[in-house]
Amino acid sequence: MNVDLHCHITASDGALAPAVLVARAHEHGVRVLALTDHDTLDGLEEARAAALALDMQLVNGIELSCTWGGATIHVLGYGFDVNAPVLVEAIARLHDGRWLRAEEISRKLAIKGMPGALEGARAIQQELGDSGNAPARPHFADFLVRAGFVKDRAEAFRKWLGAGKLGDVKQHWPTLEETVGTLRAAGAWVSLAHPMQYDFTRSKRRKLIADYLQAGGHSIEVVNGLQPADQVGVLAILAREFGLLVSAGSDFHAPGGWSEIGMYRPLPEDLPPLWCRFKHDQPTASV
């Protein structure tokens, strides 16, 4: 695919530095790319320089965390003004909240006989490329492996860090409505990330999309990496029903992971792609 609107670098929970990720994307045929790190724009300037050198279009991107219906939801924003005060302020609050969350994860692991988790996770994060952001659960998982508390990352999530486990510390994210409003105020195109990854019933998922549309969302991510084809079909039906634009991306985090940059299932041809709305002369404002 020559468009990839969902991937992560070392600024959040990805394994590659910005310029390395851009080069890998180019090698895999991507020509329109959006970095969508969790709650941060760190790395965007380096990525833009690398993209310009390769004659690629880099779209300003981010994946913001929020809450809806008692669950954590992720919303993707594209093509926004990186200097918009409302977005800068929102990211600052999320940055502080993520550090508090990391400290709480470390405290809980220490109580269970696994001390030094924050320092260990931070060291692993810095080895990948220090962004100044709080370590995420994958960094904690790698620490637990390295310290010998679990055999692999999968066990770390299954026992300690996965949904509902001790290390699944709930953050006080803003609401879905607030988050979509923030992105809209910054001039962003907005897409609901991976709607099938939330453990919802069919009716609750429809309610989520209805509320998201009411809040001002433009698009849903119909294709996320190599998710099952039947899920693409379900989301395609919802996109048609609600009259939404659609986005697609690999959700790439690391080589050898569940997806590769630039690789995802085909988007149904009748659906209107969000990226056709992007300006091709997007400003190169720094972060």
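The values are calculated or read from the model by the stated rules, or taken from the named source; none is laboratory data. Keep in mind that what you see is a predicted model, and the values were worked out from it rather than measured. Each accessible area value is taken on the protein alone, full model and side chains, heavy atoms only, with ligands, DNA and RNA left out. Shrake-Rupley method; radii C 1.70, N 1.55, O 1.52, S 1.80 Å.
List of remarks:
- Per-residue SASA entry for Asp96, accessible area with 1.4 Å probe, Å² rounded to 10: 90
- For segment 20-114, the mean projected area of the C-alpha convex hull, equal to one quarter of the hull surface, is 8.4 nm².
- ³J(HN,Hα) computed for each position of segment 139-146 - Karplus, 6.51 cos²θ - 1.76 cosθ + 1.60, integer Hz, glycine/proline x: 5, 5, 4, 5, 4, 4, 5, 4
- The angle between the Cα long axis of helix 229-242 and the main principal axis of the chain comes to about 50°, on a 0 to 90 degree scale.
- Which listed pairs, of Lys159/Lys207; Lys112/Lys204; Lys108/Lys151; Lys170/Lys207, have C-alpha distances above 26 Å, in listed order: Lys159/Lys207; Lys112/Lys204
- Taking the accessible area of segment 130-262, probe 1.4 Å, and keeping the other protein chains in place, the carbon and sulfur fraction comes to 53%.
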